[in-house]
Amino acid sequence: MENLISFKNMPHATVEEKLNDLIATLNSSDINSDNIKSLQHKFNTAVHNKLTEAELIAEFAKVDDDRLSRLEKLDKIELILQDNFVDTKVAKSVAVKRFLELLVPLCIGFVMLTLGLAMIILPAPPYFEMFTIFYFSVNDGFTLMDLISLIIILTGVFTIIKSYFKFANR
């Protein structure tokens, strides 16, 4: 069984021959139901992990080619479904991963935007203001803390915009 799983780049006919050899060996041996369940679990795991979820969805996306006829598309889908296990759990997990890839940067951007605005609006203690870069009046001006806050705000806005365009492209 381990030899069958370890051959990754074998031609289809060789895999079938190995599978037939395995079936013949199983028919001729005395094994109990626990051994059969263990072998079946190993085999199902190997077959299930043939393509990762993202690769499997990418294979289906490749079928959507305008140059192919409907019959050719159906043939390609049939081949993919014969070689790989697909159910709603796979599709949902890929959709959730893509949604989180878009949602997390968006949330980080809004947190940075809020933090930067709070740093500007809320009063800071004098030792935290550092020094003034540009004076508006004798007692007020643009400080280094304001500059750092603006950089944080612009980084948050950039992250939000980048996340939005990534979402729009999908």
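The values are calculated or read from the model by the stated rules, or taken from the named source; none is laboratory data. Here the structure is a predicted model, which is why all the values come from computation and not from measurement. Only protein heavy atoms, including side chains, enter the accessible area calculation; ligands, DNA and RNA are left aside. Shrake-Rupley method; radii C 1.70, N 1.55, O 1.52, S 1.80 Å.
Hydrodynamic estimate: the Kirkwood radius of segment 88-169 over Cα pairs, inserted into Stokes-Einstein at 10 °C and 1.306 mPa s, corresponds to D of 107 µm²/s. With the alpha-carbon atoms of segment 71-116 aligned to their principal axes, the span from lowest to highest coordinate is 56, 21, 12 Å, starting with the largest. Summarising the amide proton neighbourhood of Phe142: residues at separation of 5 or more, or on other chains, whose placed amide H is nearer than 5 Å comprise Ile133, Phe134, Tyr135, Phe136. For the cross-link pairs Lys73/Lys162; Lys62/Lys162; Lys62/Lys97; Lys37/Lys76; Lys62/Lys89, the ones whose C-alpha atoms lie over 28 Å apart are Lys73/Lys162; Lys37/Lys76.
Counting only protein heavy atoms and using a 1.4 Å probe, the accessible area of Phe136 comes to about 140 Å².
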